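> Below you'll find the structure I mean.
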Amino acid sequence: MLPIAGLIIMAAIGIVLWLRRKPIDASEIERLRRAYLNKIGRIVEGQILEISENPLPSDDAKHHPSSAKTSNATLAAPTNGTQRLIYYTYSISGVTYETAQDVTGLEERLHLKRAAVGQTASVKYDPSNPSNSILLADDWSGLH
């Protein structure tokens, strides 16, 4: 009886820990998506359509990567509470895709000062789902 009681207690503890685990936030899901596409993505030429900065809703501003304070005041990153989007287009097998990527938090490492509307860029996409693509990742930039 003692081994069965021990297994029941271990199972109960496991269930409680599993239910109390910390949920993955949206910025972590996006970071994992960028890492996956950077690893398996094929490269195609695309073009930047627009670069925009939008204010974040007040409840998202405190959870977004852009809300982290930086010590270097000379960076070209947007101000706190601002979301930066790059809209771009690319074609694969005769199908043209237009999409946007939230690059908030990636500005410092990837020198977005050199990005301009109409500029060609390399786009990494998922060969099994070509609409899933990135222009920038944590350690890769498609900007020329």
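Coordinate-derived values only; no laboratory data. In this text, all values refer to a predicted model and were calculated from it rather than measured experimentally. Please note: Cβ atoms are built from the backbone with ideal geometry, for glycine as well, and neighbour counts cover all protein chains shown.
> Under a crude label model (7 Å from the Cα following the beta-carbon direction), how far is Ser128 from Ile40 in nanometres?
The answer from the label model is 0.4 nm.
> Highest first, please rank the peptides 135-144, 44-53 by the mean number of other Cβ atoms sitting within 10 Å of their residues.
On the way: 135-144: 18.6, 44-53: 15.2.
So the order, starting with the most tightly packed, is 135-144, 44-53.
> Then there's this: Run the quick spin-label model on Thr120 and Val16: label points 7 Å from Cα toward the beta carbon, then report their separation in nm to one decimal.
Simple spin-label model gives 6.2 nm for this pair.
> While we're on this one: Test of the criteria: in the range 1-38, which trypsin sites (Lys or Arg not before Pro) are in a DSSP loop and have at most 13 other Cβ atoms within 10 angstrom of their Cβ?
Arg20, Arg21
> Assuming R0 = 30 Å, what is the FRET efficiency of Leu32 and Lys113, from their Cβ-Cβ distance, to the nearest 0.05?
The value I calculate is 0.65.
> Once the other residues with Cβ under 14 Å from the Cβ of Pro127 are scored (Lys, Arg +1; Asp, Glu -1), what is the net sum?
Neighbourhood net charge equals +2.
> Amide H neighbours of Ala137 under 5 Å, at least 5 residues apart or on other chains, H built in the peptide plane: list them.
Excluding prolines and chain starts, which carry no amide H, the hits are Gly142.
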